[in-house]
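K.L.:
Take a look at the following structure, please.
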Amino acid sequence: MKLSIITVNRNNKDGLEKTIRSVIRQTSHDYEYIIIDGASTDGSPEIIRNYEENITYWISEPDTGIYNAMNKGIRKAQGDYCLFLNSGDWLYEKDVLEKIAPHLDMKTPIISCRIMRDDAPEGLTARRYNIFTAVSIGLPHQATFIARHLFHTFGMYDETYRIRSDSSFFFKTIILNKIPYLIIDIPIAFFDGSGISSTNQELMKKEFTRFIMHDAPLYFTIPFLFKETMRKLLPARFWNFLAKQYPGI
């Protein structure tokens, strides 16, 4: 089996049903589908039961947060790759799994694709990491396929983060341990912008500060802080000119 699709949910039954329907309508069925529900009280378990014949495994029980739920899904997964499609997100077209299947050959452990959003009609494709961007960018987990063995080799998601653990995981694997990754311009998923990572800007800033001050090595933190200082000090027109000439900064 090539793929384990993992959906975590808490009290988002309408978003959950949208997510489930996008998965089960796929033209490719070479996947298992795992749903981890955080003891929802809004009728989410009933939604899951309505589609139970299309779900490989599901559970509804209390958890300590998004990454605790994701880690539960990883422990149950059997696929070569994992895709985390949280409730409210949905697979963009009915043939996206068919399109990505040839690339899930285990030659590249991390494959990131385009994510669609309301504020980006054409979608967003992940930027490549470099010494100036490594601590600030991540890969969209809704459109990124991760070889399951990486979680056994490098550990699961750090549950002390509430928002940034997936970015921390990609930094640890791709940047610090040189795990190969591939960016493919295929639209995979539509991102629901009502989640905590989009709405809680204060927490996002707090966790980012923790990451660059405590978890990221200085040889990445210093170039990033230098770049940000220059961006704030230089006139906007000049900075925009530099960014256009040197898109990697």
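K.L.:
Can you spot a residue in the range 207-215 that is outside any helix (DSSP H, G or I) and either among the polar types (S, T, N, Q) or open to solvent by 100 Å² or more (accessible area, probe 1.4 Å) (or both)? Give the derivation first.
P.N.:
Of all residues in the range 207-215, those outside any helix (DSSP H, G or I) come to none.
Within the range 207-215, not a single residue is outside any helix (DSSP H, G or I) and either among the polar types (S, T, N, Q) or open to solvent by 100 Å² or more (accessible area, probe 1.4 Å) (or both).
K.L.:
Go through the range 106-123 residue by residue and tally those that are touching a strand residue (DSSP E or B) at 6+ places or on another chain (Cβ under 9 Å), open to solvent by less than 70 Å² (accessible area, probe 1.4 Å) and farther than 24 Å from LYS178 by Cβ.
P.N.:
Going through the range 106-123 one residue at a time, the tally reaches 4.
K.L.:
For the list (1) open to solvent by less than 70 Å² (accessible area, probe 1.4 Å); (2) under 17 Å from the mean Cα position of the chain (by Cα), I need the number of the one condition that ASP95 fails.
P.N.:
Among (1) open to solvent by less than 70 Å² (accessible area, probe 1.4 Å); (2) under 17 Å from the mean Cα position of the chain (by Cα), ASP95 violates only (2).
K.L.:
Could I ask something else about it? Check off (1) modelled with pLDDT of 95 or more; (2) over 18 Å from PHE170 (Cβ atoms) for ASP105 and give me the number that stays unchecked.
P.N.:
(1)
The rows are residues; the columns are (1) modelled with pLDDT of 90 or more; (2) among the aromatic types (Phe, Trp, Tyr).
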position: CYS113; (1), (2): yes, no
position: ARG117; (1), (2): no, no
position: ALA120; (1), (2): no, no
position: ALA126; (1), (2): no, no
position: PHE145; (1), (2): yes, yes
position: GLY155; (1), (2): yes, no
position: ASP158; (1), (2): yes, no
position: GLY193; (1), (2): no, no
position: ILE196; (1), (2): no, no
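K.L.:
Under the condition of being under 20 Å from MET213 (Cβ atoms) and among the basic types (Lys, Arg), which residue from the range 225-243 is least open to solvent (accessible area, probe 1.4 Å)?
P.N.:
First pass over the range 225-243, keeping only residues under 20 Å from MET213 (Cβ atoms): 225-232.
Going one step further and asking which of them are among the basic types (Lys, Arg), we end up with 227, 231-232.
Details: LYS227: 24, ARG231: 100, LYS232: 158 Å².
Looking at residues that are under 20 Å from MET213 (Cβ atoms) and among the basic types (Lys, Arg), I get LYS227.
K.L.:
Answer yes or no as to whether TYR57 is open to solvent by 60 Å² or more (accessible area, probe 1.4 Å) and either in contact with a Phe, Trp or Tyr (Cβ under 6 Å, 6 or more places away or on another chain) or among the charged types (D, E, K, R) (or both).
P.N.:
No, not satisfied.
K.L.:
Just give me the residues in the range 140-154 being open to solvent by 10 Å² or more (accessible area, probe 1.4 Å) and touching a helix residue (DSSP H, G or I) at 6+ places or on another chain (Cβ under 8 Å), in sequence order.
P.N.:
Once the filter is applied, which keeps residues that are open to solvent by 10 Å² or more (accessible area, probe 1.4 Å) and touching a helix residue (DSSP H, G or I) at 6+ places or on another chain (Cβ under 8 Å), the range 140-154 yields HIS141, ARG148, PHE154.
K.L.:
Tell me, which residue of the range 18-48 that is in a helix (DSSP H, G or I), of a type outside the set (Val, Ile, Thr) and in contact with a strand residue (DSSP E or B) (Cβ under 9 Å, 6 or more places away or on another chain) is most open to solvent (accessible area, probe 1.4 Å)?
P.N.:
Here is the first cut: in the range 18-48, the ones in a helix (DSSP H, G or I) are 18-24, 44-48.
Remaining after also requiring of a type outside the set (Val, Ile, Thr): 18, 21-22, 44-46.
Right, trim to in contact with a strand residue (DSSP E or B) (Cβ under 9 Å, 6 or more places away or on another chain) and you get 18, 21-22, 44-45.
Details: LYS18: 100, ARG21: 137, SER22: 6, SER44: 0, PRO45: 15 Å².
Looking at the filtered set, the residue picked out is ARG21.
K.L.:
Return the pair list, or none, for Cβ contacts closer than 8 Å from residues in the range 126-139 that are within 15 Å of ILE111 (Cβ to Cβ) to residues that are aromatic (Phe, Trp, Tyr), at least 6 apart or on different chains.
P.N.:
GLY138/PHE170; GLY138/PHE171; LEU139/PHE170; LEU139/TYR181
K.L.:
Test each condition in (1) open to solvent by 10 Å² or more (accessible area, probe 1.4 Å); (2) under 21 Å from ILE186 (Cβ atoms) for TYR81 and report the one that comes out false.
P.N.:
Checking TYR81 against (1) open to solvent by 10 Å² or more (accessible area, probe 1.4 Å); (2) under 21 Å from ILE186 (Cβ atoms), the one that fails is (1).
K.L.:
Of all residues in the range 60-78, which are surrounded by 12 or more Cβ atoms within 10 Å (Cβ to Cβ) and in a helix (DSSP H, G or I)?
P.N.:
Those that are surrounded by 12 or more Cβ atoms within 10 Å (Cβ to Cβ) and in a helix (DSSP H, G or I): ILE66, TYR67, ASN68, ALA69, MET70, ASN71, LYS72, GLY73, ILE74, LYS76.
K.L.:
Scan the range 157-167 and tell me whether some residue there is touching a strand residue (DSSP E or B) at 6+ places or on another chain (Cβ under 8 Å), over 15 Å from PRO187 (Cβ atoms), among the charged types (D, E, K, R) and crowded, with 19+ Cβ neighbours inside 10 Å.
P.N.:
Yes, the range 157-167 has at least one match.
K.L.:
List every residue pair whose Cβ atoms sit under 6 Å apart, with the two residues 6 or more apart in sequence or on different chains, where the first one lies in the range 222-242 and is part of a loop (DSSP other than H, G, I, E, B) and the second, anywhere, is loosely packed, with under 13 Cβ neighbours inside 10 Å and not basic (Lys, Arg).
P.N.:
Hits for this filter: zero, empty list.
The values are calculated or read from the model by the stated rules, or taken from the named source; none is laboratory data. Computed from a predicted structure; not experimentally measured. For neighbour counting, all protein chains shown are included, and Cβ atoms are generated from backbone atoms with ideal geometry for every residue, glycine included. For the accessible areas, the whole protein counts, side chains as well, though only heavy atoms, and no ligand, DNA or RNA atoms are used. Shrake-Rupley method; radii C 1.70, N 1.55, O 1.52, S 1.80 Å.
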